[in-house]
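K.L.:
Take a look at the following structure, please.
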Amino acid sequence: MSIISKDISKAVTLLTAEEVVAIPTETVYGLAGNIYSEKAIKAIFETKKRPFFNPLIVHIPSIDSLNTIVEDIPEKAQLLAEAFWPGPVTLVLKKKNTIPDIITAGKDTVAVRIPNHPTTLELLNRLDFPLAAPSANPFSSISPTTAQHVETYFKDQIKMVLDGGACTSGIESTIIGFENDEPIIYRLGSTALEDIERIVGNIEIKNRKEITPDAPGMLERHYAPKTKTVLTGNILKILPVYKGKRIGLITFQSEIKDNSVEVQLALSKTGNLTESASNLYDVLHQLDKMQLDVIIAERLPDHGLGKSINDRLQRATANI
Ligand code: TXA
Ligand code: MG
């Protein structure tokens with residue numbers, strides 16, 4: 001029997017009983033539990049096979065509830081929250097003592113956001129606790145953007161996926177931390193860098209190759225298909241390298257006329273970066289199911305959401 005359901009009341013009941021429920025957000029589906037339930041939070045880590053050093057994002061229903069989670073709010077954090085919430089910006093701020101260490105991996109900061117999805121906002125409003133939710137995929141694999149993706153991963157491990165349709169943004173939130181009250185990007189994501197800089201001015205992007213990164217979403221290999229995947233700025237040049245192989249191609253918008261390609265999918269036929277982001281993981285899921293020898297992905301224009309998509313493709317292909 002399918003674990004996919006649109007029944008918000010059922011999700012309320014399960015979450016209140018300290019169970020794990022997969023929830024929709026505008027970015028990707030999350031594997032959610034009561035932040036104050038050790039049982040639920042441990043189950044999230046076990047289900048994902050996620051290492052405990054990797055902290056979780058806390059999801060809240062309103063800016064008002066922010067001060068129950070964090071100690072102080074730098075001025076630029078307040079500006080970002082007002083500009084982008086509900087929406088795909090996660091702020092990493094000094095945590096209140098009441099936030100359990102298991103959520104934050106023992107750090108004195110906590111990641112928090114208000115998701116912009118009507119189903120999950122209603123759910124959060126009906127609960128009297130916030131939800132910790134990492135993306136609902138096994139550690140390092142492709143993030144889920146439909147209820148079906150989650151069901152395929154976890155149908156034997158969780159009781160329910162709350163169905164909220166396909167995620168509209170399609171890649172994870174942009175994570176912003178603060179050092180000396182100045183914002184720093186820890187993870188590129190669904191809110192474009194340029195939009196953030198419009199609110200807080202020039203912003204640094206932290207080195208993404210650290211061994212013990214502040215945001216393990218920054219680990220070199222992440223969001224990865226099982227199939228060997230390569231990223232290129234020049235498809236026509238790379239195709240002969242894989243002659244005789246079963247090739248799957250991900251292009252930005254164009255169709256490549258080359259009969260050595262077994263299957264090709266464009267992220268957006270009109271060259272729209274927002275549409276590309278919303279299609280990215282589904283396209284990776286589709287190609288990864290096809291027993292191909294190689295997935296070749298075309299690098300997108302390196303601005304706006306193109307920059308965030310390139311970041312994800314880079315991590316899908318990193319070979320470490
Ligand atoms: O869009 C999203 O952000 C989705 C949806 C479900 O909200 N969630 C998500 O969660 O992507 P996850 O767990 O896959 O990625 C959260 C990232 C991790 O890389 C984690 O290391 C980082 O947030 N993070 C969490 N708490 C942190 C903290 N206190 N300091 C630095 N990074 C933190
Ligand atoms: Mg994730």
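Please treat every number below as a calculation from the coordinates, not as lab data. Everything numeric in this text was worked out from a predicted model, so none of it was measured. Every residue, glycine among them, receives a Cβ derived from its backbone with ideal geometry; neighbour counts consider all protein chains shown.
K.L.:
What's the number of the only condition in (1) within 14 Å of ligand 1 (Cβ to nearest atom); (2) within 19 Å of T174 (Cβ to Cβ); (3) not hydroxyl-bearing (S, T, Y) that K48 fails to meet?
P.N.:
(2)
K.L.:
Okay, next question. Checking the structure you have, find out if any residue of the range 70-88 is part of a helix (DSSP H, G or I) and within 16 Å of ligand 2 (Cβ to nearest atom).
P.N.:
no
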